Amino acid sequence: MSESNPSDDIRWSSRWLFVLAAAGSAVGLGNIWKFPYVAGENGGGAFVLIYLVCVGLVGAPIMMAEIALGREGRSSPITTMTKLAASAGRNSQWSIIGWMGVIAGVMILSFYAVIAGWALKYIGVLASDEFKNAGAEVVESTFNGLLASPVEMILWQTVFMVGTIWIVARGVSKGLEKAIRWFMPLLFVMLIVLLGYSLRSGGFEQGWQFMFDFKWEDVGPGTWIMALGQAFFTLSLGMGTMMVYGSYVPSEAKIGSTVATIVALDTVVAISAGLVIFPLVFVNNLDVAQGPGLMFVTMPLAFSQLPFGSIFGSVFFLLVSFAAITSAISLTEPAISYLVENYNSKRWRVAVGLGFLCWLLGLGTVFSFNIWADLKPVFGLNFFDLVDQISSNILLPLGGLLIAIFIAWRLPRKTVLGQIEIESERIWTLWKVVTGIVAPASVLVVFLNTFVPFF
Ligand code: PFF
């Protein structure tokens, strides 16, 4: 199927590099502030256990499906789905999966760049010693000051966007690989250093307990839904990202073990991030604040009171920015690969155009924190919440659901077996049940959860 592909020359130079790239996409803002907080508030160890079940039963099968489809199609998600549906004698409408992914990518990147911009700003803020021995009010007012200033937010959003597009424009081997080769190992080293720091902070035991004590009384039906939703976002599933990265995977790489490695790396980073954050929160008697507050108020405050806090604090935000940029790169790839292959456009031109579109849409997120804060046009949601809800909670689960159904029920068995190493009839049946029934049914639950509160 790959003869007609204009991007045949594009391949990751090794399986390991693909693992790093996919882990780079998966590990991002979702791991570093969302996972620890959600885990702590939803039953700690019980949530972690449920999350792992969701990752295993839904996340991993869908990631395998995406990579398999991508490697079979060897094109952008839109073209891959069109080609595979045609060759299996199915309706060409399946290409909608690719289109939804492009739209979700633009929407997610628009707000992702704004939040990542905050992290960029905080590298400098922490390094400058501005917070040395500062109290909560100072740290809080600095953060609120940032939120209140559209000009400053736009400045940092622009810096992040330009950096992302610069890397993307350089292409798979020159840009993506080079960036990922440096960023990912550095990120792991930084996490280990910060973990060591946290271990000696005096609050490690409490932080550990907060994350891992099995608080079953906090587990309700909502916990499963939170865990499943988290699995989707954090593993970058449902929008063709893994499909397009999969299209660059060498034919000989085994998908099963590759996915296991990516999922393990993502989970280790999420758990480590929690183990870095919470001990510092507890040792400083701080509140486990929600969302942006956890990272942009609590962390600087914790670092401000610790020895060498300015160095470790700026390293922490550097780490967050690295994680965000490797995810941001992957958010553009479904759209860029399609535009490059279909319109024969220059990669840099397409990248700049797409970057500008995301930047423009991102202004809505910037304004949601200040001049548009009271503007809640639909379902009482402001612009940022609306873009986030539509992309993360509707488009990603829907994409995942369709991907699982397509590979399990619409693709010939021979094609699937050509991509995924399944040795026996029993394993085939297991694969079919998990991918074709368990995964889509679970996604349906997340999906209903998103819609039901609105009606
Ligand atoms: N996985 C990223 C995170 O956890 O921050 C976010 C993300 C990246 C979602 C790429 C979807 C995607 F395609």
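Sub-6 Å Cβ pairs linking a first residue in region 13-29 that is over 15 Å from residue 182 (Cα atoms) and modelled with pLDDT of 85 or more to a second residue that is within 10 Å of the ligand (Cβ to nearest atom) and not in a helix (DSSP H, G or I), at least 6 apart or interchain, are 26/235; 26/236, ordered by first then second residue. May I ask you to verify whether residue 344 is at positive phi and at pLDDT below 90? It is true that residue 344 is at positive phi and at pLDDT below 90. Taking (1) surrounded by fewer than 18 Cβ atoms within 10 Å (Cβ to Cβ); (2) within 18 Å of residue 318 (Cβ to Cβ) in turn, residue 163 satisfies each apart from (1). Within the set 356, 383, 369, 317, the sole residue that is under 18 Å from residue 116 (Cα atoms), within 16 Å of the ligand (Cβ to nearest atom), under 23 Å from the mean Cα position of the chain (by Cα) and not small (Gly, Ala, Ser) turns out to be 317.
Can you say whether residue 422 is among the aliphatic types (A, V, I, L, M) and farther than 24 Å from residue 91 by Cα, as far as the supplied structure shows? The answer is yes for residue 422.
Residues checked against (1) more than 16 Å from the ligand (Cβ to nearest atom); (2) in a helix (DSSP H, G or I); (3) acidic (Asp, Glu); (4) under 17 Å from the mean Cα position of the chain (by Cα):
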position: 86; (1), (2), (3), (4): yes, yes, no, no
position: 95; (1), (2), (3), (4): yes, yes, no, no
position: 99; (1), (2), (3), (4): no, yes, no, no
position: 103; (1), (2), (3), (4): no, yes, no, yes
position: 112; (1), (2), (3), (4): no, yes, no, yes
position: 116; (1), (2), (3), (4): no, yes, no, yes
position: 121; (1), (2), (3), (4): yes, yes, no, no
position: 124; (1), (2), (3), (4): yes, yes, no, no
position: 131; (1), (2), (3), (4): yes, no, no, no
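Residue 272 passes every criterion in (1) within 24 Å of the chain's Cα centre (by Cα); (2) closer than 30 Å to residue 202 by Cα; (3) among the hydroxyl-bearing types (Ser, Thr, Tyr); (4) more than 16 Å from the ligand (Cβ to nearest atom) apart from (4). Looking at (1) within 18 Å of the chain's Cα centre (by Cα); (2) away from the ligand (no atom under 16 Å from the Cβ), find the lone condition where residue 343 falls short. Here residue 343 meets the rest and fails (1). Looking only at residues in region 17-42 that are buried (at least 24 other Cβ atoms within 10 Å of the Cβ) and not in a helix (DSSP H, G or I), the one that is nearest to the ligand (Cβ to nearest atom) is 28. For region 374-412, the set of residues classified as touching a residue at least 24 places away in the same chain (Cβ under 8 Å), assigned to a helix (DSSP H, G or I) and of a type in the set (Phe, Trp, Tyr) consists of 384, 406, 409, listed by residue number.
Can we say residue 217 is more than 19 Å from the chain's Cα centre (by Cα) and either surrounded by fewer than 24 Cβ atoms within 10 Å (Cβ to Cβ) or on the phi < 0 side of the Ramachandran plot (or both)? It is true that residue 217 is more than 19 Å from the chain's Cα centre (by Cα) and either surrounded by fewer than 24 Cβ atoms within 10 Å (Cβ to Cβ) or on the phi < 0 side of the Ramachandran plot (or both). Checking 208, 224, 166 one by one, the residue that is away from the ligand (no atom under 14 Å from the Cβ), within 30 Å of residue 284 (Cβ to Cβ) and in a helix (DSSP H, G or I) is 208 and no other.
Among the residues of region 231-258, how many are more than 9 Å from the ligand (Cβ to nearest atom), farther than 19 Å from residue 405 by Cα, in a helix (DSSP H, G or I) and touching a residue at least 40 places away in the same chain (Cβ under 8 Å)?
Within region 231-258, residues that are more than 9 Å from the ligand (Cβ to nearest atom), farther than 19 Å from residue 405 by Cα, in a helix (DSSP H, G or I) and touching a residue at least 40 places away in the same chain (Cβ under 8 Å) number 2.
The values are calculated or read from the model by the stated rules, or taken from the named source; none is laboratory data. It should be emphasised that the depicted structure is a prediction, and the values quoted were computed from it without experimental measurement. Glycine also receives a Cβ, built like all others from the backbone with ideal geometry; neighbour counts cover every protein chain displayed.
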